[in-house]
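Peer 1: One structure is given below, represented as structure tokens, and several questions about it will come after.
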Amino acid sequence: MMKKIALFAVAQKSTVSEVEDMRKIFQTYDVEQDGAISLDEFRKAMHSFNYTDAEVVSIFESLDIDDSGVIQYTEFLAGTLAATSKLGEKKLQESFQTFDQNKTGYITTKNLKSVLGKDFTEKLASELIQDFDTDGDGKISFEEFVVGMHRQTRKNMKNLEDKFDEMGI
């Protein structure tokens, strides 16, 4: 979940030029032109690339960051930026700084609660920290943040990256 939240921060900090190709692909997939890609629309778009249904569902679920059952544009943008290796050091630093507002070099539960709002309890913030906190000190360093962001991105986005390669993106 921490990775999903951080990807939203990355997508929000991306420039127009970085996302133009992604916007065009999103619009192509969004057949109903309702601003979201349903699983059915996604299946149809991926059909020509000979993915199994399980692979399509897995890719869809990795892009559906908020688990709403549809892929919103920001979710698509966040996932595809990661999959196409545009999630570089600068974007990761910007995303990290979104959470490290007091500039201590760490993301703490207090930082998360401040950024994510009153709906995020201390317990939930602690659980999010644990997602990336490899040394068990109760906070996330930039190095832990980078490792955490790339760990699942490589694993979950391989099929999507292959598809973009086929499309020449």
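Peer 1: Quick one: which residue in 80, 108 is hydroxyl-bearing (Ser, Thr, Tyr), modelled with pLDDT of 70 or more and assigned by TED's automatic domain parsing to the domain that holds residue 51?
Peer 2: Working: 108 fails: assigned by TED's automatic domain parsing to the domain that holds residue 51.
Just a single option satisfies the conditions, and that option is 80.
Peer 1: Within segment 52-69, restricting attention to residues that are buried (at least 19 other Cβ atoms within 10 Å of the Cβ) and aliphatic (A, V, I, L, M), which residue is nearest to residue 27 (Cα to Cα)?
Peer 2: My answer is 63.
Peer 1: Then there's this: Kindly indicate whether residue 70 is at pLDDT 95 or above and not assigned by TED's automatic domain parsing to the domain that holds residue 98.
Peer 2: It is true that residue 70 is at pLDDT 95 or above and not assigned by TED's automatic domain parsing to the domain that holds residue 98.
Peer 1: Considering 99, 49, 120, which residue is aromatic (Phe, Trp, Tyr) and buried (at least 19 other Cβ atoms within 10 Å of the Cβ)? Steps first, answer last, please.
Peer 2: Values: 49 fails: buried (at least 19 other Cβ atoms within 10 Å of the Cβ); 120 fails: buried (at least 19 other Cβ atoms within 10 Å of the Cβ).
Result of the check over 99, 49, 120: 99.
The values are calculated or read from the model by the stated rules, or taken from the named source; none is laboratory data. Computed from a predicted model, the values in this text were never measured in an experiment. Virtual Cβ from ideal backbone geometry, glycine too; neighbours counted across all protein chains shown.
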